[in-house]
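Colleague: One structure, pasted below without further comment.
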Amino acid sequence: MKGLPVSDTNQNNGTPNGQKGPIIPKSANEALRPERVPDPPKRSRKARSQMVIFLNFLMTLVVFVIVLAIVGTYYAISAYQSPGPLATNTNFIVRNGWGLAEISSRLEASNIISDARIFRYLTATYLHNGETLRSGEYEIKAGASMKDIMELLKSGKSILYSVTLPEGLTVRQIFNKLQADPVLEGDLPSALPPEGSLEPNTYKFTRGAKRTEIIDQMKAAQEKLVDEIWDKRDRSLPLTNKQELVTLASIVEKETGLADERAHVASVFLNRLGKGMRLQSDPTVIYGLFGGDGKPADRPIFQSDLKKETAYNTYIIKGLPPTPIANPGKDALDAVANPWKTQDLYFVADGSGGHVFAATLEDHNANVKRWRKLVAEKGEDPSAIAVDGQPEDSGATAAGTTPSGTQQKKKTN
């Protein structure tokens with residue numbers, strides 16, 4: 001019938017809702033009434049389980065943590081390798097005993113790195129097989145990354161300082177120089193090492209090094225050096241042990257500063273020892289009077305000094321003094337161990353910083369005469385000049401060629 005609503009039909013079978021049978025017309029009210037929606041399927045007991053809910057939550061949390069860890073790791077690695085906040089080059093000191101945590105916090109406090117935690121934990125991943133960040137003072141460049149700083153501190157390439165201890169210093173004078181060094185730390189040994197037992201040299205060290213460490217290095221180096229030179233010595237020398245070698249080398253060291261003269265000066269003293277003559281060396285007299293402190297620069301050597309009885313006055317004693325009078329260097333030790341082969345017994349200054357040598361007293365006196373003439377031409381008093389090594393049977397005074405009555409003695413060699 002026209003105008004009457006009918007129910008929907010299934011396209012496959014022509015029946016409403018897929019049911020077979022005749023088409024039943026509906027009234028307008030029935031057509032407008034909403035159809036009942038089927039109830040959703042009931043959840044299974046397994047899906048309703050609290051354990052499943054917890055596992056789902058846990059899985060979600062794990063995924064979140066993993067994502068967060070990946071992002072955090074990327075950020076940390078990026079920060080570790082990126083330029084740091086340091087605006088200008090600066091020095092940073094790592095003290096002995098500092099651990100990674102202490103170093104990290106101090107780097108951050110000094111505004112050298114941006115995050116101590118990142119530096120600490122990522123640096124730990126780079127250290128293997130007992131590697132550590134080494135103590136010392138380091139120059140850190142402006143903008144250095146945390147990785148750059150880690151590599152520098154791991155390498156141990158810290159700033160090196162040096163102290164130069166020249167040949168001819170006494171142990172006391174060496175101690176004074178070490179004590180005055182502003183970079184070295186710690187006290188010196190309370191007891192002085194034996195004279196001549198320290199090797200003169202330039203020693204390098206890092207900030208924080210102990211003064212006792214330098215002394216230990218000097219002692220070990222000198223002992224090794226003396227052993228090596230003694231083993232290679234001329235076996236015909238009139239020296240019976242290493243101590244005598246060092247003692248004579250210390251006298252040679254104080255007598256001349258010219259490297260090419262040391263072996264010649266050594267030959268003079270060895271020739272005197274071989275003949276039983278006194279050495280008559282001014283430096284031994286000075287050591288006997290002033291010890292390891294040395295002669296004051298403004299204090300002259302007087303004629304009376306040469307007559308004072310000390311264990312070191314080789315104008316009075318025969319043979320070598322009881323100990324070295326300074327710390328000789330390698331060249332002086334080599335010169336005594338392998339001296340020139342000469343017959344010379346005397347030497348005097350030549351006016352040019354060196355010496356002229358002689359085998360006879362007659363030649364020596366001629367050399368002294370020429371020296372006095374040079375001194376007089378310079379306007380100085382030649383009568384005040386004395387010469388080391390003048391033998392006691394020369395008819396001269398104990399001071400050498402100085403005339404009797406002269407009060408001040410000037411060293412000429």
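Colleague: Where residues in the stretch 162-194 are aliphatic (A, V, I, L, M), open to solvent by 50 Å² or more (accessible area, probe 1.4 Å) and in a loop (DSSP other than H, G, I, E, B), which of them is nearest to VAL252 (Cα to Cα)?
Modeller: LEU192
Colleague: Confirm whether TYR138 is in contact (Cβ under 8 Å) with a residue 12 or more places away in the chain, of a type in the set (Ser, Thr, Tyr), touching a strand residue (DSSP E or B) at 6+ places or on another chain (Cβ under 7 Å) and not in a loop (DSSP other than H, G, I, E, B).
Modeller: In short, yes.
Colleague: I've got another one for you. May I ask you to list pairs of residues, at least six apart or on different chains, whose Cβ atoms are under 7 Å apart, with the first in the stretch 277-290 being of a type outside the set (S, T, N, Q) and the second being part of a helix (DSSP H, G or I) and open to solvent by 30 Å² or more (accessible area, probe 1.4 Å)?
Modeller: Hits for this filter: ARG278/GLU392; PRO283/LYS254.
Colleague: Which of (1) in a loop (DSSP other than H, G, I, E, B); (2) touching a Pro at 6+ places or on another chain (Cβ under 7 Å) is the odd one out, the single condition ILE215 does not satisfy?
Modeller: Looking at each condition in turn, ILE215 falls short on (1).
Colleague: So, in the stretch 289-310, how many residues would count as being aliphatic (A, V, I, L, M), open to solvent by less than 20 Å² (accessible area, probe 1.4 Å) and not in a strand (DSSP E or B)?
Modeller: Qualifying residue count, the stretch 289-310: 1.
Colleague: Next question. Output the number of residues of the stretch 111-135 satisfying the condition of being assigned to a loop (DSSP other than H, G, I, E, B) and either at pLDDT below 95 or touching a helix residue (DSSP H, G or I) at 6+ places or on another chain (Cβ under 9 Å) (or both).
Modeller: Residues meeting the conditions: 13.
Colleague: OK, next. Scan (1) buried (at least 16 other Cβ atoms within 10 Å of the Cβ); (2) outside any loop (DSSP other than H, G, I, E, B) for the single condition ARG370 breaks and write down its number.
Modeller: Here ARG370 clears every test but (1).
Colleague: Quick one: is ILE140 open to solvent by less than 40 Å² (accessible area, probe 1.4 Å) and of a type in the set (Val, Ile, Thr)?
Modeller: The answer is yes for ILE140.
Colleague: Does PHE269 satisfy the criteria of being over 20 Å from GLN343 (Cα atoms) and among the aromatic types (Phe, Trp, Tyr)?
Modeller: Answer is no for this residue.
Colleague: Condition (residue is hydrophobic (A, V, I, L, M, F, W, C), over 34 Å from the mean Cα position of the chain (by Cα) and within 13 Å of VAL336 (Cβ to Cβ)) applied to the stretch 242-264: is it met by at least one residue?
Modeller: No: the stretch 242-264 contains no residue that is hydrophobic (A, V, I, L, M, F, W, C), over 34 Å from the mean Cα position of the chain (by Cα) and within 13 Å of VAL336 (Cβ to Cβ).
Colleague: If the requirement is being surrounded by 15 or more Cβ atoms within 10 Å (Cβ to Cβ), among the basic types (Lys, Arg) and either touching a Cys at 6+ places or on another chain (Cβ under 6 Å) or in a helix (DSSP H, G or I) (or both), which of these qualifies: ARG278, ARG272?
Modeller: Values: ARG278 fails: either touching a Cys at 6+ places or on another chain (Cβ under 6 Å) or in a helix (DSSP H, G or I) (or both).
Unique residue meeting the criteria: ARG272.
Colleague: Here is a follow-up. Of the residues ASN313, ASN327, which single one is of a type in the set (S, T, N, Q) and either farther than 24 Å from GLY353 by Cα or open to solvent by 50 Å² or more (accessible area, probe 1.4 Å) (or both)? Before you say what the answer is, go through the steps one by one.
Modeller: Working: ASN327 fails: either farther than 24 Å from GLY353 by Cα or open to solvent by 50 Å² or more (accessible area, probe 1.4 Å) (or both).
Just one listed residue meets the conditions, ASN313.
Colleague: Tell me, yes or no, whether the stretch 48-71 has at least one residue that is at pLDDT 60 or above, surrounded by fewer than 10 Cβ atoms within 10 Å (Cβ to Cβ) and part of a loop (DSSP other than H, G, I, E, B).
Modeller: No, that holds for no residue.
Colleague: Go through (1) over 30 Å from TYR121 (Cα atoms); (2) of a type in the set (S, T, N, Q); (3) modelled with pLDDT of 80 or more for ASN29 and report which single condition fails.
Modeller: (3)
The values are calculated or read from the model by the stated rules, or taken from the named source; none is laboratory data. Predicted model only: the values in this text are computed from it and were never measured. Note that we place each Cβ from the backbone using ideal geometry, even for glycine, and neighbour counts take in every protein chain shown. Note: areas computed on protein heavy atoms with side chains; ligands, DNA, RNA excluded. Shrake-Rupley method; radii C 1.70, N 1.55, O 1.52, S 1.80 Å.
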